[in-house]
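The values are calculated or read from the model by the stated rules, or taken from the named source; none is laboratory data. Just so it is clear, the model here is predicted, and its values are computed rather than measured. Neighbour counts are summed over all protein chains in view; Cβ atoms, including those assigned to glycine, are modelled from backbone coordinates with ideal geometry.
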Amino acid sequence: MDLFPLIAEPVFRVALDAPLRRLFDYLAPADTDPTQIRPGFRVRVPFGKQSIVGVVADIVVTSSVPANRLKRAHAVLDSESALDPVTLALVRWAADYYHHPIGEAFAAALPSALRAGAPLRATETRWHLLADAAAAMAQTPRLGPKQRALLAILQAQESIGEAELAADGTGYRDTLRGLSARGWVSQFQRELPPLAAALATVAQGHVLTAAQTLAVDDIRAHLGEFSPHLLHGVTGSGKTEVYLRVIEAVLARNEQALVLVPEIALTPQAIERFQARFSVPLAVLHSGMSDTERLAMWRAARSGAAPVIIGTRSAIFVPLARPGILIVDEEHDSSYKQQEGFRYSARDLALRRAQQHGIPVILGSATPALESLHQANIGRYRRISLPERTGAAGAPKLSLVDLRVHEERHGMATPSVAAITRHLNDGNQVLLYINRRGYAPTLFCPGCRWSAPCKACDARMTVHLKHHQLVCHHCGAQQPVPYACPLCATEVRPVGQGTERIEDGLDELFPRIPVVRIDRDTIHTRGQIEAALARVHSKEARLLVGTQMLTKGHDFPDVTLVVILNADQGLFGTDFRAAERLAQSIVQVAGRAGRADKPGEVLIQTACPDHPLLQRLLESGYTGFADAALAERAAAGWPPFSHLAVLRAEAATREQALLFLTEARDQTPLSDRGQVRLLGPAPAVMERRAGRFRAQLLVECAQRAPLHQLLARWLPLVEALPSARRVRWTLDVDPLEVS
């Protein structure tokens, strides 16, 4: 890039929310002292025919744009940096590591209200009397009582806020509008001072086990320094209590704790536990909040007013005034990896951020990711084990139910129905897990073998009988359920089970026992998860049916039996992580059975009881499975023993997608071809989705650095391809799926 000679004033390199891998150069507004602007300031700038908000990323003295063509920013929105230096560095590092447009990375780090130009600090609307109002009032004797009263208030004090007027309860809003229309009063915005950090008082926690005590002492000993800890605790071993005890020490140091959870569904439970323990303001951030709520929480975290911050994936970018510790709960969960747009991993960024701050980070899970276990095995993470449950119940008993020899009714084998009856008769609750929502996976014609295809995807449509709809779970297409086959007019029937069908079966088998179903079809608005869990905890509902939403961190003290239906679904997946995901799901949902003093039982329905994965889980638990799986990964050269990136393309035709990827492969610099392997291009396992054809090119390298060096040199060449303009393409670094 050619640079023009030194420019007489600073040049501000601005990150804009655009799919371009570059910064844009601007000069300061004419009425602004450029020396007062710092990296992290938001500026409103001209961009094409628009005026948009960006973030100053760099300040330089040269530019690739001639001085006479450099545009000036329209306005500087801040008097201080919106992002602190560590968060700024984290965003820039993430954009570089994931090879993503830097402006989109900065956009992901800011609440949408700030991206639209909202004030950095909270403001309030206030009203004041204009200077010439008194003379005008003297010439207007006819005023209503409310107008006279309000004018008297405004004459007695410099200004009055809307909050004070609202507290009065006399409805002055219309009166203010009337006086404003006369030109007697005017409103203005005043910045509110940041809230002071509250002193924490701490409620008494549970008595720690010996293993918990060792874990807490180990982590506390590393406060104030970077130290990654892998907290591997079986379900029910008290990982959350370890978090709480460590946070006590962090708050005592007048520092903040950022706690990441994988799902919105887990935040109510986490909030309840933290509020019961700490009498401090909590900042909660997740995608289910309004823009106004999210901005308020972001401000509380940034100012330090909230000592504890709980959030889902995007909360990893929230600025902290006094960072003390980062905690990633259920660190194995795939929800931490963004699957579209800016494809970052919040778990991996937590490690990077903790290193930049010089603070500890805890990765907690009963089923750690194989990558995390490998890092612990080679000594990069401190591994802390909680091998036993805290109560007297002990680990649940796992058994296989062989579907080859036992009859099924409503998707439940005879031994499963008998066990459900027994546990219900003992006054306990039962959880049935099936990772498939809807009534049935497909609608089938026994006459001609037709099976309700989606017209836009290489997939079958799922039967949702309650709404009498066929729904594609990939593109969202819907159509009414036909009464007969459209090809041969034979009566069609649903085949297989989903959560809706299991719920109906339980209603038939146990008509007097209330059932609660928790999946994406029943939990889709705010408050529904809390209402469903309240029915469970009150024991109003004693039968629970659900998908993976039930496997993550929930504590059901009265659930003593878990039945895992259709466990074979993940045994033969095409992705190299399929076995890991299945093992994690089984262990996680099994951990819901038996807490405190109630022993638990787990039944796994399978037509493949001799499968090595199931046998390892039964014989040696998740640790035994993970050791064997890591050995297999090492032999095959898959992560964590290699590093991957996937270039994906989708187009209107198969040929366009494959042509782009073929041309992209041919652009690989010759100097890099000896260090990396390029596999493909090949169609995706589900080649057609939402009417477009998908394909991918896998890039593999034994070492991380050569892979990123290749990607940095390769992507500009890929972007320049004429075929790149005829497809939608994305790069996914450290992908969770490669099928």
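Residues considered: Pro39, Pro19. Of these, the only one that is under 30 Å from Arg728 (Cα atoms) and either outside the structural domain of Phe342 (by TED's automatic domain parsing) or exposed (fewer than 13 other Cβ atoms within 10 Å of the Cβ) (or both) is Pro19. Going by the structure shown, is Ala15 of a type in the set (A, V, I, L, M) and out of contact with any Ser or Thr (no Cβ under 9 Å at 6 or more places or on another chain)? It is true that Ala15 is of a type in the set (A, V, I, L, M) and out of contact with any Ser or Thr (no Cβ under 9 Å at 6 or more places or on another chain). For segment 484-495, indicate whether the set of residues that are charged (D, E, K, R) and surrounded by 14 or more Cβ atoms within 10 Å (Cβ to Cβ) is non-empty. No, segment 484-495 has no match at all. Of all residues in segment 281-294, those being surrounded by fewer than 21 Cβ atoms within 10 Å (Cβ to Cβ) and in contact (Cβ under 8 Å) with a residue 60 or more places away in the chain number 4.
Collect the residues in segment 239-272 that are modelled with pLDDT under 85, within 26 Å of Val207 (Cβ to Cβ) and charged (D, E, K, R), keeping them in residue-number order. Once the filter is applied, which keeps residues that are modelled with pLDDT under 85, within 26 Å of Val207 (Cβ to Cβ) and charged (D, E, K, R), segment 239-272 yields only Glu272.
Gly236 passes every criterion in (1) at positive phi; (2) modelled with pLDDT of 85 or more apart from (2). Answer with yes or no whether Ala366 is buried (at least 17 other Cβ atoms within 10 Å of the Cβ), farther than 21 Å from Ile316 by Cα, touching a helix residue (DSSP H, G or I) at 6+ places or on another chain (Cβ under 8 Å) and outside the structural domain of Val516 (by TED's automatic domain parsing). Judged against the criteria, Ala366 is a match. Select, from Arg253, Arg273, the only residue that is over 19 Å from the mean Cα position of the chain (by Cα), basic (Lys, Arg) and over 23 Å from Asp555 (Cα atoms). After applying the criteria, what remains is Arg253.
The set of residues in segment 531-548 that are modelled with pLDDT under 90, surrounded by 21 or more Cβ atoms within 10 Å (Cβ to Cβ) and touching an Asp or Glu at 6+ places or on another chain (Cβ under 8 Å) comprises Gly546, Thr547.
Looking at segment 655-673, is at least one residue within 30 Å of Leu398 (Cβ to Cβ), assigned to a helix (DSSP H, G or I) and of a type outside the set (A, V, I, L, M, F, W, C)? Taking every residue of segment 655-673 in turn, none turns out to be within 30 Å of Leu398 (Cβ to Cβ), assigned to a helix (DSSP H, G or I) and of a type outside the set (A, V, I, L, M, F, W, C). Taken together, the residues in segment 550-595 that are over 23 Å from the mean Cα position of the chain (by Cα), surrounded by fewer than 22 Cβ atoms within 10 Å (Cβ to Cβ) and at pLDDT 90 or above amount to 0. Across segment 505-540, the number of residues qualifying as in a helix (DSSP H, G or I) and either in contact with a helix residue (DSSP H, G or I) (Cβ under 7 Å, 6 or more places away or on another chain) or in contact (Cβ under 8 Å) with a residue 60 or more places away in the chain (or both) comes to 8. Cβ-Cβ contacts under 8 Å between residues 6 or more apart (or on different chains), taken from a first residue in segment 697-708 that is in the same structural domain as Leu678 (by TED's automatic domain parsing) to a second residue that is assigned to a helix (DSSP H, G or I) and among the aromatic types (Phe, Trp, Tyr), are listed as His708/Tyr97.
In this entry, Leu230 is excluded by the filter for residues that are crowded, with 17+ Cβ neighbours inside 10 Å, part of a loop (DSSP other than H, G, I, E, B), assigned by TED's automatic domain parsing to the domain that holds Ser372 and at pLDDT 95 or above.
Matching residues to (1) under 30 Å from Leu647 (Cβ atoms); (2) in a loop (DSSP other than H, G, I, E, B); (3) modelled with pLDDT of 95 or more:
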site	(1), (2), (3)
Arg22	yes, yes, no
Asp31	no, yes, no
Val55	yes, no, yes
Asp58	yes, no, no
Ser79	no, yes, no
Asp96	yes, no, yes
Ala105	yes, no, yes
Leu114	no, no, no
Leu120	no, yes, no
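Of all the criteria given as (1) touching a Leu at 6+ places or on another chain (Cβ under 9 Å); (2) without any contact (Cβ under 8 Å) to a residue 12 or more places away in the chain, the one not satisfied by Pro669 is (2). When Gly600 is tested against (1) in contact with a Pro (Cβ under 6 Å, 6 or more places away or on another chain); (2) on the phi > 0 side of the Ramachandran plot, just one condition goes unmet, and that condition is (2). Against the test of being under 16 Å from Pro262 (Cβ atoms) and of a type in the set (A, V, I, L, M, F, W, C), the options Leu386, Leu349 yield a single qualifying residue, Leu349. Filtered by the rule that a residue be under 26 Å from Arg347 (Cβ atoms), buried (at least 19 other Cβ atoms within 10 Å of the Cβ) and of a type in the set (Val, Ile, Thr), segment 687-739 gives Val699, Val733, Val738. For segment 604-618, check the following and say yes or no: at least one residue is outside the structural domain of His232 (by TED's automatic domain parsing), part of a helix (DSSP H, G or I), touching a residue at least 40 places away in the same chain (Cβ under 8 Å) and under 22 Å from Thr499 (Cα atoms). Scanning segment 604-618, I find no residue that is outside the structural domain of His232 (by TED's automatic domain parsing), part of a helix (DSSP H, G or I), touching a residue at least 40 places away in the same chain (Cβ under 8 Å) and under 22 Å from Thr499 (Cα atoms), so the answer is no.
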